[in-house]
Amino acid sequence: MQTKYIFVTGGVVSSLGKGIISSSLARLLLSRGYSVTIQKFDPYINIDPGTLNPYEHGECYVTVDGHEADLDLGHYERFTNIQTTKANNVTTGRIYKDVIEKERRGDYLGKTVQIVPHITDEIKRNVKKLGEEGKYDFVITEIGGTVGDIESTPYLEAVRQLKWEMGMNALFIHLTYVPYIRAAKELKTKPTQHSVKMLQQTGIQPDILVLRTEKELPPAMCRKVAQFCNVQPEAVIQSIDARSIYEVPLMMLSQGLDTIVLDKMQVAGRKDADLKEWNTFLDKLHNAEKEVTIALVGKYVELQDAYKSISESLSHAAAWSDHKLNLVYVHSEKLSDSNVEEKLKDMDGVIIAPGFGKRGIEGKLVALKWCREHNVPTFGICLGMQCMVIEFARNVLGFEGADSVEMNPETPYPVIDLMEEQKEISQMGGTMRLGAYDCRLKPESKAAKAYGKTQVKERHRHRYEFNEKYRSDFEKGGMECVGINPDTKLVEVVEVPTKRWYVGTQYHPEYQSTVLRPNPLFMSFINAAIAYSEEKK
Ligand code: GLN
């Protein structure tokens, strides 16, 4: 089948959940046996979101090939179970960089380089790239930003042109918002009408409208929107607040989003959607009776998007273990010896979050000391693992002032040190140790038992590492290095085997947990937390 392109735009406000709708549609098409990929175009000038702080942009997701990506790519993978790569996330910065490099090389043969056609052509080339691999029946392209933004204009022009080139093989889905005015007790469709008008002014006629709403939209209202916006009535779909994002594919299925797409793109010979496993997950997610309480200790707790992949991984693991997840965010800057007991005593498990810089570190160390001494299942991820090492050095090995050189370059015990390969690096963007690397696990370790194998590959994003020089001190003291990179010998996993579950990973297992394939380490951690909660009763 010739590759079909679906473009998803958004209007009225941002944060409508374009990523979730794109992912849900992808899930439905996959469940009918089609091959699908999703890509995101972000209209900012940063080359990638790697240099953005979480307050700006939430979590930075990392793809298997080491691209620092928008967090929506995390949703794409969690919904579809298909890995994304650098090609799935393109920014305006990257488009411009490529065009400017071509100009410097003389590729434009003396022409004046302009937004149209040079930037738009570069966008079109990137849109078609994944489709040209011949692997996908559908390429869903999410255009970041909101229609009407100055930044989005070249993207809309590029996809408008593509529609003309592709005809039936291209389709537009536009997401808008229908506000509910409480005082008037009314839902309002005017913003949707305006937003569609604005889209039409760019030359794009949406085929399908998805209306985000907090309240059920009356059918007459959908018909009215259809009439005003030149869209068929059945192609006006509501996206009402759901109990969980993972319910959205079913909401879309019940309104026939996938069927409308297939009809409009004239795809023949379809299979029915097989969502058996997905439904099993949802059933467990919504109907679990017992609860497991996990604390996530980090410095961005007021901003839950900063730890999106971790919270989603926990929710996958808890649901598959037939438990409801009660996730408690604990602010690392507010933790001290005097309140740690009160904050953590009711937890069945504690996660120490990744991060950069000094802020909140002492709170993470306080939490770790308490967890280690009280034998609470504890999971340290990246910086969390490095903190496990620092805390153990200070309080068990007696290495006073032990630290990471990231926090204290003068520390007498640099138990976490800058990686050799990082020492000459001065550029910030894309220069960390990024992407998937092999890790060999000690057969008897908790990690190896969790994965059920000793050879794993997980994704990384860091500059610092466990200092090999102290390895024997740690092992003698009771913290073992159980995961090693076979090529570089870097320590990737540490454990205190005498504890219930005290595991730290230099890598980020949360980047590889999907609904249908929960990450084994998260499963193992949640199971340890559940066992601990049973024991406490
Ligand atoms: N700041 C630490 C490093 O660069 C940890 C990074 C992280 O947690 N992702 O090594």
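Of everything in region 126-166, what is among the charged types (D, E, K, R), in contact with a Ser or Thr (Cβ under 7 Å, 6 or more places away or on another chain) and not in a helix (DSSP H, G or I)? Give them in sequence order.
Scanning region 126-166 gives 135, 137, 142, 151.
So how many residues does region 487-537 have that are closer than 23 Å to residue 373 by Cβ and not in a helix (DSSP H, G or I)?
14
List the number of the failed condition for residue 473; all other conditions in (1) among the acidic types (Asp, Glu); (2) surrounded by fewer than 19 Cβ atoms within 10 Å (Cβ to Cβ); (3) farther than 22 Å from residue 396 by Cβ hold.
Exception for residue 473: condition (3).
Residues are listed down the side, and each one gets a yes or a no for (1) without any contact (Cβ under 8 Å) to a residue 12 or more places away in the chain; (2) within 13 Å of the ligand (Cβ to nearest atom):
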| residue | (1), (2) |
| --- | --- |
| 407 | no, yes |
| 411 | yes, no |
| 426 | yes, no |
| 447 | no, no |
| 463 | no, yes |
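Within region 465-487, take every residue that is within 15 Å of residue 437 (Cβ to Cβ) and of a type outside the set (A, V, I, L, M, F, W, C) and give me the one that is nearest to the ligand (Cβ to nearest atom).
Step by step, filter region 465-487, then rank; the result is 465.
Would you be able to tell me the number of residues in region 368-398 that are more than 10 Å from the ligand (Cβ to nearest atom), touching a helix residue (DSSP H, G or I) at 6+ places or on another chain (Cβ under 6 Å) and under 17 Å from residue 327 (Cα atoms)?
Matching residues across region 368-398 total 3.
Would you pick out the residues in region 494-512 that are in contact with a Leu (Cβ under 8 Å, 6 or more places away or on another chain) and within 11 Å of the ligand (Cβ to nearest atom)?
505, 506, listed by residue number.
Filter region 124-154 for residues that are closer than 18 Å to residue 202 by Cα and crowded, with 22+ Cβ neighbours inside 10 Å; which is farthest from the chain's Cα centre (by Cα)?
Result: 147.
Among the residues of region 35-53, write down those that are aliphatic (A, V, I, L, M) and modelled with pLDDT of 90 or more.
Listed by number, the residues that qualify are 36, 38, 45.
Residues to consider are 521, 516; find the one that is touching a residue at least 12 places away in the same chain (Cβ under 8 Å) and either of a type in the set (D, E, K, R) or surrounded by fewer than 23 Cβ atoms within 10 Å (Cβ to Cβ) (or both).
Selected residue: 516, the only one of 521, 516 that is touching a residue at least 12 places away in the same chain (Cβ under 8 Å) and either of a type in the set (D, E, K, R) or surrounded by fewer than 23 Cβ atoms within 10 Å (Cβ to Cβ) (or both).
The values are calculated or read from the model by the stated rules, or taken from the named source; none is laboratory data. Remember, it's a predicted structure, so these values are computed and weren't measured experimentally. Positions of Cβ are generated from backbone atoms using ideal geometry, with glycine treated the same way; all protein chains shown enter the neighbour counts.
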